[in-house]
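Below: the structure, in structure tokens.
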């Protein structure tokens, strides 16, 4: 029986091979489809490049003709595309199918169906931690907390590499339920959360005492630069003489947004520069007239990417005092590239950035001037905007007060 089966498959292999390799001289189309087909003319270089995929196409032909059930070829090709990028072993390089591409655009627009959390993956231990639970969101109402470690979403075991798959499940039609499991301390907790329309507030601001303005910037997306600029102008109109910018738990976003906000505080020169693998250098240079308001920036271990570009660049230029704990250390940049008439796409790491002094950020992070650890019992606590029970904010406020220039005494003659 085995011998007979082997003979049959050998014959089929020869048949498929004949189809696959015939018509070499007629061009690449004959290479895959055989003789008696329409032909095209391509260069030898193009032919050699496309021939590298001969093995994959041979396998696909076997599956299409012999697999027990009708295969979903489009799904196979999509997963092969994912695998192509996965082999780079870079969690920041991956493919977006059409649904994921649209979700990415919704993220930037700031409104989508979901549960209302932000997450950050750790490239060292591969854990995924909730860094923000949006106020009045389904996640907050269900009881999820900042600091919870995400371990499962429906049937997806969540880690650094499967995080995007988990996001795809948590996103979806409002009104439908999703099961989420987290680890909190030593306990594993399961939540059943009903999706709703999430409205993302990227910028919140308020006046603190003693003429100190406070802006919490949650992400560098959408119109965050305009929202930030509007907040700054509003605080100055209320009498702010120094400013705290809170970047804690801000995992980043668009580099241009960080550069545009940095441009508000620097007259000229570098914010950061980046290099590709060939050593080509690209500089993010400031051009606008700058605001000279004294500046303190709050950071922590979840301040990453564009947060480090903004805080690190301004700090390196002597423009900002940093308060908090050492930042995450994501010093690489990704290009987001559309495919198929902007119906899908992928992102790919292509450059590493450095501070103006040449200091590396990737896997190093940025150490604040004033280190203030968050007490363990407060790590998962929600603080109202501007709440001075937040010890890191209180330290930043004290630093910001100290940067306000002394007011000149009035020269009054009696």
Task: Any pair with Cβ under 9 angstrom, 6 or more apart, that starts in the range 90-104 at a residue that is without any contact (Cβ under 8 Å) to a residue 24 or more places away in the chain and not assigned by TED's automatic domain parsing to the domain that holds residue 340 and ends at one that is outside any loop (DSSP other than H, G, I, E, B) and surrounded by 15 or more Cβ atoms within 10 Å (Cβ to Cβ) - done: 102/96
TODO: Specify which of the listed residues (378, 374) is surrounded by 12 or more Cβ atoms within 10 Å (Cβ to Cβ), without any contact (Cβ under 8 Å) to a residue 24 or more places away in the chain and over 17 Å from the mean Cα position of the chain (by Cα).
DONE: 378
Task: Filter result for residue 365 (modelled with pLDDT of 95 or more, assigned to a loop (DSSP other than H, G, I, E, B) and surrounded by fewer than 18 Cβ atoms within 10 Å (Cβ to Cβ)) - done: no
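Can you pull out every residue in the range 375-392 that is over 22 Å from residue 209 (Cα atoms) and assigned to a loop (DSSP other than H, G, I, E, B)? Steps first, please.
First, the residues of the range 375-392 that are over 22 Å from residue 209 (Cα atoms): 375-381.
Result: 375, 379, 380, 381.
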- [ ] Residues that are at pLDDT 90 or above and more than 35 Å from the chain's Cα centre (by Cα): find the helices (runs of 4 or more DSSP H) completely inside the range 27-72 holding 3 or more of those.
- [x] 44-51, 54-66
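Could you grab me the full set of residues in the range 121-133 that are within 17 Å of the chain's Cα centre (by Cα) and assigned to a loop (DSSP other than H, G, I, E, B)? Even if it seems obvious, please write down each step before you answer.
Of the range 121-133, the ones within 17 Å of the chain's Cα centre (by Cα) are 121-124, 126-133.
Scanning the range 121-133 gives 122, 123, 124, 126, 127.
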Task: Top-ranked residue of the range 131-170 - restricted to ones that are at pLDDT below 90 and within 15 Å of residue 218 (Cβ to Cβ), ranked as surrounded by the fewest Cβ atoms within 10 Å (Cβ to Cβ) - done: 136
Open item on the list: Within the range 293-311, does at least one residue satisfy the condition of being over 24 Å from residue 325 (Cα atoms) and touching a strand residue (DSSP E or B) at 6+ places or on another chain (Cβ under 9 Å)?
Closed with: no
Open item on the list: Given the options 186, 157, 177, name the one that is in contact with a strand residue (DSSP E or B) (Cβ under 6 Å, 6 or more places away or on another chain) and either free of Cβ contacts under 8 Å to residues at least 60 places away in the same chain or outside the structural domain of residue 232 (by TED's automatic domain parsing) (or both).
Closed with: 177
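The values are calculated or read from the model by the stated rules, or taken from the named source; none is laboratory data. Note that the structure is a prediction, hence the values are computed from the model and not measured. Cβ sites come from the backbone with ideal geometry, for glycine too, and all protein chains shown count toward neighbours.
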